[in-house]
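> Questions regarding the structure given below will be posed in turn.
The values are calculated or read from the model by the stated rules, or taken from the named source; none is laboratory data. None of these values were measured; they are calculated from a predicted model. In this analysis, Cβ positions are derived from the backbone assuming ideal geometry, glycine residues included, and neighbour counts consider all displayed protein chains.
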């Protein structure tokens, strides 16, 4: 039997379960400051994607399709019904693909800092990052890789915490995660989604700027978009309280939260 993704369930899954999906280079701790807002309202299932955190390592580039299959295997193994994917950046691509390919399981969807596809410019950057970390370890792309995700953000304890976890990850696992995304494209998935969807973008995001979120919005049938100032590439991590409340609002429309 294939090894499941490393995961943490919070709360009792007696309704839709929030399924937060972290961005490239992060792990399930990305959501730690969102969890208190969700606690007692909805159960949440945070996991490390393949080749991230404590999840199984891959020997080949990890694609969107592989991530979707891993998430569905985890859902089935835990006996869960409805889930609400809540993804950030590359995690938003995975969330959109999951929602499109398992529509019967997804009553709502949240996409933070999304894009419909990996652009040629982004693919070149990701390929270069993979090459650099393979030659010189994670420090070869630091501090620039993290600085660009935190444009306009304070260099406080939250920033330092993210930087430390990013630097500590396995370089080859990160490289394979990166290489699996060079031609990622969820345009068709976005066009197939029919559930209520919330899109959240960061005003200071220079990696996936707000126009990418607007492109995603144009492809969705039932979506609203919110632009947050004072946030960059990682809205859920940089503005966790505001973001977590937005998630409760959209999920509460399809399933009232527990009081």
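> Can you find a residue in segment 232-253 that is part of a loop (DSSP other than H, G, I, E, B), more than 11 Å from residue 114 (Cα to Cα) and touching a helix residue (DSSP H, G or I) at 6+ places or on another chain (Cβ under 6 Å)? Give the derivation first.
If we filter segment 232-253 for residues that are part of a loop (DSSP other than H, G, I, E, B), which is where we start, we get 232-234, 239, 253.
Restricting the remaining residues to those that are more than 11 Å from residue 114 (Cα to Cα) gives 232, 239, 253.
Add one more test, that the residue is touching a helix residue (DSSP H, G or I) at 6+ places or on another chain (Cβ under 6 Å), and what stays is 232.
Taking every residue of segment 232-253 in turn, at least one turns out to be part of a loop (DSSP other than H, G, I, E, B), more than 11 Å from residue 114 (Cα to Cα) and touching a helix residue (DSSP H, G or I) at 6+ places or on another chain (Cβ under 6 Å).
> So, one more: Here are some residues: 163, 182, 176. Which one is outside any helix (DSSP H, G or I), more than 15 Å from residue 91 (Cβ to Cβ) and over 15 Å from the mean Cα position of the chain (by Cα)?
Details: 163 fails: outside any helix (DSSP H, G or I); 176 fails: outside any helix (DSSP H, G or I).
When all the criteria are applied, what remains is 182.
> For segment 222-231, what are the residues that are surrounded by fewer than 16 Cβ atoms within 10 Å (Cβ to Cβ) and in contact with a helix residue (DSSP H, G or I) (Cβ under 9 Å, 6 or more places away or on another chain)? Give the derivation first.
Here is the first cut: in segment 222-231, the residues surrounded by fewer than 16 Cβ atoms within 10 Å (Cβ to Cβ) are 222, 224, 227, 229-230.
Across segment 222-231, the qualifying residues are 224, 227, 230.
> Also, quick follow-up: Looking at segment 41-69 only, could you name the residues that are in a helix (DSSP H, G or I) and surrounded by 21 or more Cβ atoms within 10 Å (Cβ to Cβ)?
Going residue by residue through segment 41-69, those that are in a helix (DSSP H, G or I) are 64-69.
Result: 64, 67, 68.
> Tell me which residues, restricted to segment 87-117, are farther than 22 Å from residue 203 by Cβ and part of a loop (DSSP other than H, G, I, E, B).
102, 106, 107, 108
> When you go through 124, 201, 188, 140 one by one, which is the residue that is in a helix (DSSP H, G or I), modelled with pLDDT of 95 or more and within 19 Å of the chain's Cα centre (by Cα)? So that I can check it myself, show each step before the final result.
Numbers: 124 fails: within 19 Å of the chain's Cα centre (by Cα); 201 fails: in a helix (DSSP H, G or I); 140 fails: within 19 Å of the chain's Cα centre (by Cα).
Being in a helix (DSSP H, G or I), modelled with pLDDT of 95 or more and within 19 Å of the chain's Cα centre (by Cα) holds for just one of 124, 201, 188, 140, which is 188.
> Restricting the first residue to segment 137-157 and requiring it to be more than 15 Å from residue 125 (Cα to Cα), which pairs with a second residue that is modelled with pLDDT of 95 or more and loosely packed, with under 14 Cβ neighbours inside 10 Å meet a Cβ separation below 7 Å and a spacing of at least six or different chains?
151/206
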